[in-house]
1. Just wondering, is there one or more residues in the stretch 158-178 that are surrounded by 21 or more Cβ atoms within 10 Å (Cβ to Cβ) and under 17 Å from THR125 (Cβ atoms)?
2. Surrounded by fewer than 16 Cβ atoms within 10 Å (Cβ to Cβ), in a helix (DSSP H, G or I) and more than 16 Å from the ligand (Cβ to nearest atom): does that describe ASP150?
3. Which of the residues spanning the stretch 180-205 are closer than 19 Å to GLY122 by Cα and surrounded by fewer than 20 Cβ atoms within 10 Å (Cβ to Cβ)?
4. Could you pull out the residue among ALA156, ALA183 that is within 14 Å of the ligand (Cβ to nearest atom), in contact (Cβ under 8 Å) with a residue 60 or more places away in the chain and farther than 15 Å from GLY213 by Cβ?
5. How about the stretch 132-142: which of its residues are loosely packed, with under 14 Cβ neighbours inside 10 Å and more than 16 Å from the ligand (Cβ to nearest atom)?
Amino acid sequence: TPGLYIVATPIGNLNDLSFRAANVLKSAALVAAEDTRVTGKLLHHIGADTPMVRHDEHVGARVRPELIRRAESEAVAVVTDAGTPLISDPGYRLVREARAAGIAIFTVPGPSALIAGLSIAGLPTDRFLFAGFPPPKEKGLRDTFAELADIRATLAFYETGPRLARFLTVAAEVFGPREAAVARELTKLHEELVFEPLDRLSARYADAAPPKGEIVVMIGPPLAEAAPSGADLDAALRTALAEGT
Ligand code: SAM
């Protein structure tokens, strides 16, 4: 069926490409890729020789009209280097412009580092807020965290190894005591999840060499005020009765 197919690709382990994603990439007339070398390897892996065109933030404006024109009569697949397009990745303008042009848009869902991280952190996931890449400098971090501090939801960020220590130092200051997790190299050989109180996590990375690889940082919601235990309530009740007020 003609249209624009937004296709998720692996975030490390090539076997995470879905059967449907492979079929769409093989049968599409054209694949719009963030980096054609990266996507070329993926296509080679599945034995596809679909033509590719570069679509990233630099050339996007120039190639979008052509992609949309092709999608009127053919299947055009859109991928990024890893994970789900549009999630801290190119594709937003293309989807909007294609929709405005009356093109059918289909999702071919699959891996995203955000969801992969949340799925193993063990932090509350009934409500979460994805805040993408935080600002790099301390002032920007502080302002961003202050804006998020009252939200009763798990917060998730994309971060890089060299910036992680500063991120956690400022986060521990602004958010105070919370649970937190650092997910690194998900689906890859050195996949790691560290779950600790935020201040401990901050101390751990402050003293170490910057971790290698790709990172999702998750910070739990504000901790509930410690609820009085049943024993405390019984004792309070006995005291009140004894006082006989
Ligand atoms: N669209 C992608 C997705 O759906 O996951 C995210 C693209 S964004 C440009 C790249 C960032 O995602 C990395 O800097 C890192 O924070 C995170 N990321 C990607 N792959 C990862 C992995 N295997 N493990 C941990 N984080 C990853």
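1. No, that holds for no residue.
2. In short, no.
3. Within the stretch 180-205, GLU185, THR187, GLU191, GLU192, LEU193, VAL194, PHE195, GLU196, PRO197, ASP199, ARG200 qualify.
4. ALA156
5. Across the stretch 132-142, the qualifying residues are LYS137, GLU138, LYS139, GLY140.
Conditions tested, residue by residue: (1) surrounded by 14 or more Cβ atoms within 10 Å (Cβ to Cβ); (2) within 16 Å of the ligand (Cβ to nearest atom); (3) free of Cβ contacts under 8 Å to residues at least 60 places away in the same chain.
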{"residue": "ILE6", "(1), (2), (3)": "yes, yes, no"}
{"residue": "LEU14", "(1), (2), (3)": "no, yes, yes"}
{"residue": "SER18", "(1), (2), (3)": "yes, yes, no"}
{"residue": "SER27", "(1), (2), (3)": "no, no, yes"}
{"residue": "LEU42", "(1), (2), (3)": "yes, yes, yes"}
{"residue": "THR50", "(1), (2), (3)": "yes, no, yes"}
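Values quoted throughout were computed directly from the atomic coordinates according to the rules given, and no laboratory measurement underlies them. Because the structure is a prediction, the values reported are computed rather than measured. Please note: Cβ atoms are built from the backbone with ideal geometry, for glycine as well, and neighbour counts cover all protein chains shown.
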